[in-house]
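Note sheet for the following structure.
The values are calculated or read from the model by the stated rules, or taken from the named source; none is laboratory data. What you are looking at is a predicted structure, and each value in this text was computed from that prediction instead of being measured. Heads up, the Cβs are rebuilt from the backbone with ideal geometry, glycines too, and the neighbour counts pull from every protein chain shown.
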Amino acid sequence: MRKQKGFSLIELLIVVAIILIIAAIAIPNLIRARMSANEASAVGSVRSINTAEISYNAAYPATGFSTTLAALGGTGTCTPSTATGCFIDSVLTNGTKSGYTFTVGGGSCTASTPQNCYNVQASATQQGQSGIRSFCSYEDAVVRYSTSSGITSPCAATVAPLQ
């Protein structure tokens, strides 16, 4: 008889089993790394919005702080004005980035002219997949977080600051 070359079925099954075990170990770590990256991006975006709000307030003191993302940003070739400040990029102006939804509002102060406060919130679009924490900030520019499904009320000093 001639000697046959190749792998037996048992050897192939062992190799497939080893690959499946390695994948079972690696995939949860990749998901956690992606969530961590999304959360880091959200924190960076909240900080960018804080900087844009301060810049907008300095550039347009008669208006005060912005209460919309559209007023902070712009699309395409941006021309600075009170309606499109051109302080943030067009992706963040749309309100969705890296699995998070961003909103800007007037905060807990009464509406006035000039607007003397603002509130920015970042909530995971798919809680537990995009990220676990929600982030917020207001005119003191401290980024705060909550592990609940979202920060429903305006960001307050009672929400834990990010360290």
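Results for (1) of a type in the set (A, V, I, L, M); (2) in a strand (DSSP E or B); (3) in contact (Cβ under 8 Å) with a residue 40 or more places away in the chain, shown as yes or no for each residue.
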| site | (1), (2), (3) |
| --- | --- |
| 39 | no, no, yes |
| 53 | no, no, yes |
| 81 | no, no, no |
| 135 | no, yes, yes |
For segment 103-113, give me each residue that is out of contact with any helix residue (DSSP H, G or I) (no Cβ under 6 Å at 6 or more places or on another chain) and either modelled with pLDDT of 90 or more or more than 15 Å from residue 71 (Cβ to Cβ) (or both). 103, 108, 109, 110, 112
For the structure I just gave you, tell me whether residue 98 is more than 16 Å from residue 119 (Cα to Cα), polar (S, T, N, Q) and surrounded by 14 or more Cβ atoms within 10 Å (Cβ to Cβ). yes
So which residues in segment 118-132 are surrounded by fewer than 20 Cβ atoms within 10 Å (Cβ to Cβ) and assigned to a loop (DSSP other than H, G, I, E, B), if there are any at all? 125, 126, 128, 129, 130, 132
